[in-house]
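Quick notes on the structure that follows.
The values are calculated or read from the model by the stated rules, or taken from the named source; none is laboratory data. From a predicted model like this one, the values you see are computed outputs, not experimental measurements. All Cβ positions, even for glycine, are placed from backbone atoms using ideal geometry, and neighbour counts span all protein chains on display. Heads up: the accessible areas ignore ligands, DNA and RNA and are worked out on the full protein's heavy atoms, side chains in. Shrake-Rupley method; radii C 1.70, N 1.55, O 1.52, S 1.80 Å.
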Amino acid sequence: MKKWMLSLMAAALLPALTGAPPESIPLPAAEKTGGMPLRQAITARASARNMGDRKLPDQVLSNLLYAAAGVTRPDGRRSIPTARNLQDLTVYAVLPEGAYEYLPREHALRLCAAGDLRGECGLQQAMHARAAVVLVYVSDRSKLGDLPESDQLFYSGIHAGSALQNVYLSAADQGLATVVCGSVNREALARALKLPETRRVLLTQPLGYAR
């Protein structure tokens, strides 16, 4: 067998052999048709804290992230509106094996910190720690540079609110429990996620099937 083939096989097997999380996770294409009718999803949308840690199927995670910030048009525009199309919002998916940055254009996840950081995603630690995934909404201030600080906070909050409401509706459609959380040690979580200084943690949203 050729050496390059052996190298590829070794790279693919390394996470399984060492217990290290994968550096990247490609997601299946999001489901863009079907599902619960919109009016029904709006009525079913609710905050619930009884989520469990049962692993989410890749398709469910894909649908959630697409709803949060997926690319919906050929020009790169997203599933949520942003002021001036600045697209400052980045979504992180914190899973048991590690924390991942969602890459909308690739519709994939990229590892930013290994290990289980779910319990660090909110002051309600037990709830976050048992969630199947915690979404963390982060604003990149470098994309809002010409706006005053008050406007940066205003617009980034609107952007995060648009994303988390999309996720609420997607959760209702897929039978998941979720709640948005503002009680977060933002500085500590930013360090745990190894965020650049320009990125600011806004809110978190744990999700999972109801226990």
Just tell me which aspartates and glutamates come within less than 20 Å, Cα to Cα, of Lys32; anything on the same chain fewer than 8 places away is out. Asp58, Asp75, Glu106, Asp173
Roughly speaking, what is the stretch gain from Ile158 to Asp116, that is 0.36 nm per residue apart minus the C-alpha to C-alpha distance, in nm to one decimal? 12.2 nm
Considering the Cα trace of region 119-170, what is its radius of gyration and what is Dmax, both in angstroms? 13.8, 40
With Cα springs under 10 Å, the Gaussian network model of the chain assigns the largest mean-square fluctuation among Leu64, Leu147, Leu189 to Leu147
For the chain, built as a Gaussian network whose Cα springs stay under 10 Å, the top-fluctuating residue of Ala69, Ala171, Ala30: Ala30
Within the accessible area of the chain, what % is carbon and sulfur when the probe is 1.4 Å and the other protein chains stay in place? 56 percent
Normalised by the number of residues in the chain, what is the relative contact order in percent for Cα pairs under 8 Å and 6+ residues apart? 27 percent
Between Lys194 and Arg45, how high is the FRET efficiency from 1/(1 + (r/R0)^6) when r is the Cβ-Cβ distance and R₀ = 30 Å? Nearest 0.05. 0.40
List the trypsin sites (Lys or Arg not before Pro) in region 102-146 that DSSP assigns to loop (not H, G, I, E or B) and whose Cβ has at most 14 other Cβ atoms within 10 Å. Which are they? Arg105
When the label point is put 7 Å from the Cα of Ser142 along its Cα-to-beta-carbon vector, which residues of region 187-211 have a backbone N closer than 13 Å? 195-200
What's the center-to-center distance, using Cα atoms, between region 15-61 and region 84-99 in Å? 14 Å
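For region 103-211, with every protein chain kept in place, what is the accessible area per residue (1.4 Å probe, Å²)? Intermediate results must be reported in sequence, preceding the final value.
Numbers: 4680 Å² over 109 residues.
Spelled out: the 1.4 Å probe surface of region 103-211, per residue, equals 43 Å².
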Counted charge near Ala114, where neighbours are those whose Cβ lies closer than 12 Å (Asp, Glu -1; Lys, Arg +1): -2
So, for region 21-93, what is the accessible surface per residue at a probe of 1.4 Å, expressed in square angstrom? 57 Å²
Taking the Cα centre of the chain as origin, work out the dipole magnitude from +1 charges on Lys and Arg Cβ and -1 charges on Asp and Glu Cβ, in debye rounded to 20. 300 debye
Dipole axis of region 136-194 (+1 Lys, Arg; -1 Asp, Glu on Cβ), positive-most option in Gln152, Leu169, Ala188: Ala188
